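Coordinate-derived values only; no laboratory data. Keep in mind the model is a prediction, meaning the values are calculated, not measured. Glycine gets a Cβ as well: all are built from the backbone with ideal geometry, and neighbour counts include every protein chain shown.
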Amino acid sequence: MHKKAKRAFTLIEVMVAVMIISVVILALIEMFANNIHIFSGLKKQTHINPYASFFISNPDYGLETKSAVLYDLVSDFKLEDDLLRELKNIKVEVVYQVVEKIDLGEYDDMNKDKSNESDRGEKTDREVKTNAIFEIGKTVIKTSEASTALLRLRIEQ
């Protein structure tokens, strides 16, 4: 009679299976950790975004670098006492940076030269002078926990 050989996993097969499972578990843990980091950053960001609207509605802030307390911005509004206490403790720094400044007067001179070359003594509507200056700026609102940025457009005439 022949003895039947028992079918079993060898030691190498078990070690390979354990290594594959370990790599998959480590990848899942890393994905979970990255998600926690991203969501905590988003939570801080969503906490400061409502405060940015106070600066948008207030013309005294946002177009220059200043420090403020949020309570100063909302002192004219009727708010709950708990919210007012919270806003008194939040110090905010507003940093303004000019991104680009566009002077439309420069383009008038260029259009005038082109119109003189192409027109034969005829007056056109292009000879209207504009003195407008567009300033595109970035306002960064910083608290101790997070920051947010806004693009602002200022028109000077």
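Give, as a single signed number, the net charge of other residues whose beta carbon lies under 14 Å from the beta carbon of Lys88, with Lys and Arg counted +1 and Asp and Glu -1.
Values: positive: Arg85, Lys91; negative: Asp72, Glu80, Asp81, Asp82, Glu86.
Local net charge: -3.
Please tell me which of these pairs span more than 21 angstrom C-alpha to C-alpha: Lys88/Lys142; Lys101/Lys138; Lys44/Lys91; Lys44/Lys78? Write down the numbers at each step before the final one.
Numbers: Lys88/Lys142 15 Å; Lys101/Lys138 12 Å; Lys44/Lys91 15 Å; Lys44/Lys78 25 Å.
In this structure, Lys44/Lys78 exceed 21 Å between Cα atoms.
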DSSP loop (so not H, G, I, E, B), at most 16 other Cβ within 10 Å: list which trypsin sites (Lys or Arg not before Pro) in region 3-43 pass both filters. Lys3, Lys4, Lys6, Arg7
